Amino acid sequence: MVVVRKDSVIVDQPAGEPRQANINGVLFPPFFQVDNIRTAKTLETFPDDVFVLTYPKCGTTWVQHIACQLLIENYELRPGKELFKYAPMIELVGGEVASHIPRPRILKSHLSAQNLPTLNGSKCILVWRNPKDTLISWFHLIRNIKGYNWENGDFNVFFEMFCEGRIPWGSYFDYHKAWLPYLKDPNVLLIKFEEMVADLPTSVVRIGEFLGGRAAAVTHNPKALASTLKNSTFEAMKRDQNRWFPIVLRNPAQFIRKGVTRDWKNYLSKEQSDRIDQMFAKHFRESDVEEWWKNEMAWEG
(Lines give C-alpha, C1' and ligand atoms only; values in the text may rest on other atoms or scores of the structure.)
Protein backbone atom coordinates (compact mmCIF):
# COMPACT_ATOMS: atom_id res chain seq x y z
CA MET A 1 0.00 0.00 0.00
CA VAL A 2 1.29 3.43 -0.98
CA VAL A 3 0.05 6.50 0.89
CA VAL A 4 1.07 10.04 0.00
CA ARG A 5 -0.15 12.85 2.25
CA LYS A 6 -0.37 16.46 1.17
CA ASP A 7 -2.62 18.89 3.01
CA SER A 8 -6.06 17.21 3.10
CA VAL A 9 -5.35 14.81 0.23
CA ILE A 10 -4.62 11.13 0.75
CA VAL A 11 -3.64 9.16 -2.35
CA ASP A 12 -4.07 5.49 -1.59
CA GLN A 13 -4.04 2.19 -3.48
CA PRO A 14 -5.18 -0.79 -1.42
CA ALA A 15 -4.10 -4.16 -2.77
CA GLY A 16 -6.12 -5.14 -5.83
CA GLU A 17 -7.90 -1.78 -6.11
CA PRO A 18 -7.30 1.33 -8.24
CA ARG A 19 -5.34 4.27 -6.88
CA GLN A 20 -7.64 7.06 -5.69
CA ALA A 21 -7.43 10.39 -3.91
CA ASN A 22 -9.44 10.97 -0.74
CA ILE A 23 -10.02 14.72 -0.64
CA ASN A 24 -11.84 15.88 2.47
CA GLY A 25 -13.68 12.56 2.68
CA VAL A 26 -14.72 12.31 -0.99
CA LEU A 27 -12.98 10.03 -3.49
CA PHE A 28 -11.59 11.53 -6.70
CA PRO A 29 -9.13 10.48 -9.42
CA PRO A 30 -5.60 10.43 -7.99
CA PHE A 31 -4.40 13.43 -10.02
CA PHE A 32 -7.08 15.85 -8.75
CA GLN A 33 -6.00 18.77 -6.55
CA VAL A 34 -7.65 20.00 -3.37
CA ASP A 35 -7.47 23.69 -4.33
CA ASN A 36 -9.12 23.07 -7.70
CA ILE A 37 -12.01 21.22 -6.09
CA ARG A 38 -12.41 23.88 -3.43
CA THR A 39 -12.47 26.75 -5.93
CA ALA A 40 -14.80 24.85 -8.27
CA LYS A 41 -17.40 24.69 -5.50
CA THR A 42 -17.30 28.48 -5.09
CA LEU A 43 -17.11 29.39 -8.80
CA GLU A 44 -19.17 32.44 -9.71
CA THR A 45 -21.79 31.39 -12.24
CA PHE A 46 -24.10 33.29 -14.58
CA PRO A 47 -27.47 32.76 -16.30
CA ASP A 48 -25.74 32.29 -19.67
CA ASP A 49 -23.63 29.39 -18.37
CA VAL A 50 -24.49 25.88 -19.52
CA PHE A 51 -23.59 23.00 -17.20
CA VAL A 52 -23.45 19.38 -18.35
CA LEU A 53 -23.92 17.48 -15.09
CA THR A 54 -23.63 13.72 -14.82
CA TYR A 55 -22.42 10.82 -12.79
CA PRO A 56 -19.35 9.46 -14.60
CA LYS A 57 -19.98 7.40 -17.75
CA CYS A 58 -23.61 8.41 -18.22
CA GLY A 59 -23.14 10.25 -21.53
CA THR A 60 -21.17 13.32 -20.51
CA THR A 61 -18.90 13.57 -23.55
CA TRP A 62 -21.78 12.89 -25.93
CA VAL A 63 -23.86 15.78 -24.59
CA GLN A 64 -20.85 18.11 -24.28
CA HIS A 65 -20.08 17.51 -27.96
CA ILE A 66 -23.68 18.19 -28.95
CA ALA A 67 -23.93 21.33 -26.81
CA CYS A 68 -20.68 22.70 -28.28
CA GLN A 69 -21.95 22.18 -31.82
CA LEU A 70 -25.20 23.94 -31.00
CA LEU A 71 -23.70 26.88 -29.13
CA ILE A 72 -20.23 27.60 -30.56
CA GLU A 73 -20.04 29.05 -34.06
CA ASN A 74 -16.42 28.07 -34.75
CA TYR A 75 -16.36 24.78 -32.86
CA GLU A 76 -13.62 22.62 -34.35
CA LEU A 77 -11.81 19.90 -32.46
CA ARG A 78 -8.10 19.68 -33.24
CA PRO A 79 -4.75 19.15 -31.48
CA GLY A 80 -4.45 21.73 -28.72
CA LYS A 81 -8.19 22.44 -28.85
CA GLU A 82 -9.71 19.17 -27.67
CA LEU A 83 -13.16 18.92 -26.12
CA PHE A 84 -11.87 19.46 -22.59
CA LYS A 85 -10.56 22.87 -23.69
CA TYR A 86 -13.96 23.96 -24.98
CA ALA A 87 -15.95 22.50 -22.07
CA PRO A 88 -13.69 21.81 -19.07
CA MET A 89 -14.53 19.90 -15.91
CA ILE A 90 -14.63 22.52 -13.17
CA GLU A 91 -13.35 20.29 -10.37
CA LEU A 92 -10.37 19.24 -12.48
CA VAL A 93 -9.26 22.67 -13.74
CA GLY A 94 -10.43 24.70 -10.72
CA GLY A 95 -12.43 27.86 -10.36
CA GLU A 96 -9.58 30.16 -11.35
CA VAL A 97 -9.25 28.59 -14.81
CA ALA A 98 -13.02 28.31 -15.29
CA SER A 99 -13.52 31.96 -14.35
CA HIS A 100 -11.32 33.08 -17.27
CA ILE A 101 -13.21 31.15 -19.95
CA PRO A 102 -15.05 33.59 -22.23
CA ARG A 103 -18.79 33.65 -21.70
CA PRO A 104 -21.13 32.08 -22.49
CA ARG A 105 -19.40 29.03 -21.00
CA ILE A 106 -20.06 25.31 -21.37
CA LEU A 107 -18.89 23.60 -18.18
CA LYS A 108 -18.87 20.00 -17.08
CA SER A 109 -19.02 18.48 -13.61
CA HIS A 110 -19.55 15.19 -11.80
CA LEU A 111 -19.88 16.95 -8.44
CA SER A 112 -22.96 16.06 -6.43
CA ALA A 113 -25.89 18.47 -6.30
CA GLN A 114 -24.81 19.49 -2.79
CA ASN A 115 -21.23 20.31 -3.84
CA LEU A 116 -21.85 22.32 -7.01
CA PRO A 117 -21.40 26.08 -6.96
CA THR A 118 -24.53 28.21 -6.65
CA LEU A 119 -25.90 28.11 -10.18
CA ASN A 120 -27.60 31.54 -10.38
CA GLY A 121 -30.01 30.62 -13.16
CA SER A 122 -27.49 28.66 -15.27
CA LYS A 123 -28.93 26.08 -17.66
CA CYS A 124 -28.21 22.53 -16.44
CA ILE A 125 -28.37 19.42 -18.61
CA LEU A 126 -28.54 16.28 -16.46
CA VAL A 127 -27.66 13.06 -18.25
CA TRP A 128 -28.80 9.84 -16.57
CA ARG A 129 -28.06 6.24 -17.50
CA ASN A 130 -29.19 2.96 -15.98
CA PRO A 131 -26.82 1.78 -13.24
CA LYS A 132 -25.87 -1.54 -14.80
CA ASP A 133 -24.52 -0.10 -18.05
CA THR A 134 -22.97 2.80 -16.12
CA LEU A 135 -21.07 0.28 -13.98
CA ILE A 136 -19.68 -1.53 -17.04
CA SER A 137 -18.62 1.65 -18.80
CA TRP A 138 -16.99 2.99 -15.62
CA PHE A 139 -15.07 -0.27 -15.17
CA HIS A 140 -13.55 0.00 -18.65
CA LEU A 141 -12.67 3.67 -18.27
CA ILE A 142 -11.01 3.31 -14.87
CA ARG A 143 -8.74 0.62 -16.35
CA ASN A 144 -7.95 2.93 -19.29
CA ILE A 145 -6.97 6.03 -17.27
CA LYS A 146 -3.26 6.00 -16.47
CA GLY A 147 -3.38 7.50 -13.00
CA TYR A 148 -5.49 4.77 -11.46
CA ASN A 149 -2.67 2.24 -12.00
CA TRP A 150 -5.25 -0.48 -12.62
CA GLU A 151 -4.84 -1.55 -16.23
CA ASN A 152 -5.64 -5.19 -15.47
CA GLY A 153 -8.16 -4.56 -12.70
CA ASP A 154 -10.60 -7.30 -11.74
CA PHE A 155 -14.28 -6.77 -12.58
CA ASN A 156 -15.60 -8.40 -9.42
CA VAL A 157 -13.48 -6.07 -7.31
CA PHE A 158 -14.88 -3.06 -9.12
CA PHE A 159 -18.44 -4.38 -8.80
CA GLU A 160 -18.11 -4.42 -5.01
CA MET A 161 -16.57 -0.94 -5.00
CA PHE A 162 -19.43 0.37 -7.16
CA CYS A 163 -22.09 -1.12 -4.89
CA GLU A 164 -20.35 0.33 -1.82
CA GLY A 165 -19.82 3.76 -3.43
CA ARG A 166 -16.03 3.50 -2.96
CA ILE A 167 -15.17 4.96 -6.34
CA PRO A 168 -14.48 8.49 -7.62
CA TRP A 169 -17.36 10.90 -6.93
CA GLY A 170 -19.01 8.31 -4.69
CA SER A 171 -22.25 6.37 -4.96
CA TYR A 172 -24.23 6.26 -8.19
CA PHE A 173 -27.40 5.95 -6.16
CA ASP A 174 -26.70 8.82 -3.78
CA TYR A 175 -25.67 11.07 -6.66
CA HIS A 176 -28.92 10.60 -8.55
CA LYS A 177 -31.17 10.60 -5.51
CA ALA A 178 -29.85 14.05 -4.56
CA TRP A 179 -31.09 15.42 -7.90
CA LEU A 180 -34.71 14.28 -7.45
CA PRO A 181 -35.92 17.59 -5.92
CA TYR A 182 -34.59 19.54 -8.92
CA LEU A 183 -36.04 17.57 -11.83
CA LYS A 184 -38.96 19.97 -12.31
CA ASP A 185 -36.78 23.09 -12.18
CA PRO A 186 -37.23 25.03 -15.47
CA ASN A 187 -33.45 25.51 -15.68
CA VAL A 188 -32.85 21.75 -15.57
CA LEU A 189 -33.19 19.40 -18.54
CA LEU A 190 -33.08 15.65 -17.91
CA ILE A 191 -31.80 13.54 -20.80
CA LYS A 192 -31.59 9.75 -20.55
CA PHE A 193 -28.67 8.06 -22.29
CA GLU A 194 -31.00 5.31 -23.48
CA GLU A 195 -33.32 7.86 -25.14
CA MET A 196 -30.36 9.27 -27.05
CA VAL A 197 -29.40 5.79 -28.25
CA ALA A 198 -32.97 5.11 -29.41
CA ASP A 199 -33.75 8.52 -30.96
CA LEU A 200 -30.82 10.91 -31.27
CA PRO A 201 -32.65 13.55 -33.38
CA THR A 202 -35.37 14.06 -30.78
CA SER A 203 -32.80 14.36 -28.00
CA VAL A 204 -30.71 16.92 -29.92
CA VAL A 205 -33.80 19.02 -30.66
CA ARG A 206 -34.79 18.87 -26.97
CA ILE A 207 -31.34 20.13 -25.98
CA GLY A 208 -31.47 22.92 -28.56
CA GLU A 209 -34.96 24.05 -27.52
CA PHE A 210 -33.93 24.01 -23.87
CA LEU A 211 -30.79 26.10 -24.46
CA GLY A 212 -32.55 28.52 -26.78
CA GLY A 213 -30.86 31.23 -28.87
CA ARG A 214 -28.27 29.94 -31.32
CA ALA A 215 -28.81 26.35 -30.16
CA ALA A 216 -32.51 26.46 -30.97
CA ALA A 217 -31.79 28.14 -34.31
CA VAL A 218 -29.43 25.30 -35.28
CA THR A 219 -32.09 22.68 -34.56
CA HIS A 220 -34.64 24.67 -36.61
CA ASN A 221 -32.31 24.73 -39.64
CA PRO A 222 -32.58 21.35 -41.43
CA LYS A 223 -29.07 21.54 -42.92
CA ALA A 224 -27.40 22.58 -39.65
CA LEU A 225 -29.34 19.98 -37.67
CA ALA A 226 -28.39 17.24 -40.13
CA SER A 227 -24.71 18.19 -39.76
CA THR A 228 -24.95 18.12 -35.96
CA LEU A 229 -26.63 14.72 -36.02
CA LYS A 230 -24.07 13.31 -38.45
CA ASN A 231 -21.22 14.41 -36.18
CA SER A 232 -22.95 13.12 -33.04
CA THR A 233 -23.50 9.47 -33.91
CA PHE A 234 -21.39 6.99 -32.00
CA GLU A 235 -19.83 5.88 -35.26
CA ALA A 236 -18.65 9.44 -35.89
CA MET A 237 -17.46 9.93 -32.31
CA LYS A 238 -15.39 6.75 -32.39
CA ARG A 239 -13.25 8.24 -35.17
CA ASP A 240 -10.16 10.22 -34.15
CA GLN A 241 -10.66 9.85 -30.40
CA ASN A 242 -7.69 12.05 -29.66
CA ARG A 243 -10.30 14.84 -29.89
CA TRP A 244 -11.68 14.08 -26.43
CA PHE A 245 -9.30 13.58 -23.46
CA PRO A 246 -6.15 11.89 -24.80
CA ILE A 247 -3.68 13.10 -22.16
CA VAL A 248 -5.01 10.88 -19.36
CA LEU A 249 -5.77 7.70 -21.33
CA ARG A 250 -3.68 4.62 -22.01
CA ASN A 251 -5.65 3.99 -25.19
CA PRO A 252 -7.63 7.03 -26.43
CA ALA A 253 -9.24 4.89 -29.15
CA GLN A 254 -11.14 2.99 -26.46
CA PHE A 255 -12.64 6.04 -24.72
CA ILE A 256 -15.83 5.97 -26.83
CA ARG A 257 -16.35 2.23 -26.63
CA LYS A 258 -19.82 0.94 -27.56
CA GLY A 259 -22.66 3.35 -26.86
CA VAL A 260 -25.26 0.62 -26.48
CA THR A 261 -27.72 -0.53 -23.85
CA ARG A 262 -27.69 -3.86 -21.99
CA ASP A 263 -23.96 -4.43 -22.46
CA TRP A 264 -24.04 -5.35 -18.77
CA LYS A 265 -25.46 -8.78 -19.71
CA ASN A 266 -21.95 -9.67 -20.91
CA TYR A 267 -20.50 -9.07 -17.43
CA LEU A 268 -22.95 -9.37 -14.54
CA SER A 269 -23.97 -12.64 -12.97
CA LYS A 270 -27.64 -13.13 -12.05
CA GLU A 271 -26.72 -12.55 -8.42
CA GLN A 272 -24.92 -9.30 -9.25
CA SER A 273 -27.81 -8.14 -11.43
CA ASP A 274 -30.29 -8.83 -8.66
CA ARG A 275 -28.17 -6.91 -6.19
CA ILE A 276 -28.19 -3.81 -8.38
CA ASP A 277 -31.97 -4.18 -8.82
CA GLN A 278 -32.45 -4.28 -5.06
CA MET A 279 -30.30 -1.20 -4.51
CA PHE A 280 -32.11 0.67 -7.27
CA ALA A 281 -35.52 -0.18 -5.79
CA LYS A 282 -34.40 0.85 -2.31
CA HIS A 283 -33.12 4.27 -3.37
CA PHE A 284 -35.87 5.22 -5.83
CA ARG A 285 -38.98 3.67 -4.30
CA GLU A 286 -42.06 5.91 -4.74
CA SER A 287 -40.26 8.24 -7.17
CA ASP A 288 -40.68 8.57 -10.93
CA VAL A 289 -37.28 6.96 -11.37
CA GLU A 290 -38.62 3.69 -9.94
CA GLU A 291 -40.33 2.93 -13.27
CA TRP A 292 -37.41 3.86 -15.51
CA TRP A 293 -35.25 1.34 -17.34
CA LYS A 294 -37.53 -1.67 -16.75
CA ASN A 295 -36.48 -3.21 -20.06
CA GLU A 296 -32.85 -2.07 -19.95
CA MET A 297 -32.30 -3.56 -16.48
CA ALA A 298 -34.37 -6.75 -16.81
CA TRP A 299 -32.41 -10.01 -16.68
CA GLU A 300 -34.63 -11.52 -19.36
CA GLY A 301 -34.90 -9.51 -22.53
Is it true that some residue in segment 64-86 is under 27 Å from residue 224 (Cβ atoms), of a type in the set (D, E, K, R) and at pLDDT 95 or above? no
Extreme residue, most open to solvent (accessible area, probe 1.4 Å), among residues of segment 215-228 that are in contact with a helix residue (DSSP H, G or I) (Cβ under 6 Å, 6 or more places away or on another chain) and not small (Gly, Ala, Ser): 225
By residue number, the members of segment 186-210 that are under 24 Å from residue 283 (Cα atoms) and open to solvent by 60 Å² or more (accessible area, probe 1.4 Å) are 195
Restricting to segment 47-62, and then to whatever is in contact with a helix residue (DSSP H, G or I) (Cβ under 7 Å, 6 or more places away or on another chain) and under 17 Å from residue 178 (Cα atoms), can you tell me which residue is surrounded by the fewest Cβ atoms within 10 Å (Cβ to Cβ)? 56
Conditions first: (1) among the β-branched types (Val, Ile, Thr); (2) open to solvent by less than 60 Å² (accessible area, probe 1.4 Å); (3) under 13 Å from residue 91 (Cα atoms). Residue 42 passes all but one, so which condition is the exception? (2)
Go through segment 16-36 and give me each residue that's under 23 Å from residue 144 (Cα atoms) and β-branched (Val, Ile, Thr). 23, 26
Cβ contacts < 7 Å: first residue within 29 Å of residue 217 (Cα to Cα), restricted to segment 70-98; second residue among the aliphatic types (A, V, I, L, M) and assigned to a loop (DSSP other than H, G, I, E, B), any location; separation 6+ or different chain. Result? 83/77; 86/72; 90/43; 98/43
Can you pull out the residues in segment 102-153 that are among the hydroxyl-bearing types (Ser, Thr, Tyr), open to solvent by 20 Å² or more (accessible area, probe 1.4 Å) and under 13 Å from the mean Cα position of the chain (by Cα)? 112
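The values are calculated or read from the model by the stated rules, or taken from the named source; none is laboratory data. Values in this document were obtained by computation on a predicted structure and should not be read as measured data. Counting neighbours? That spans all protein chains shown, and the Cβs are built from the backbone with ideal geometry, glycine included. Ligands, DNA and RNA are stripped out before the accessible areas are found, and what is left, the full protein with its side chains, is counted by its heavy atoms. Shrake-Rupley method; radii C 1.70, N 1.55, O 1.52, S 1.80 Å.
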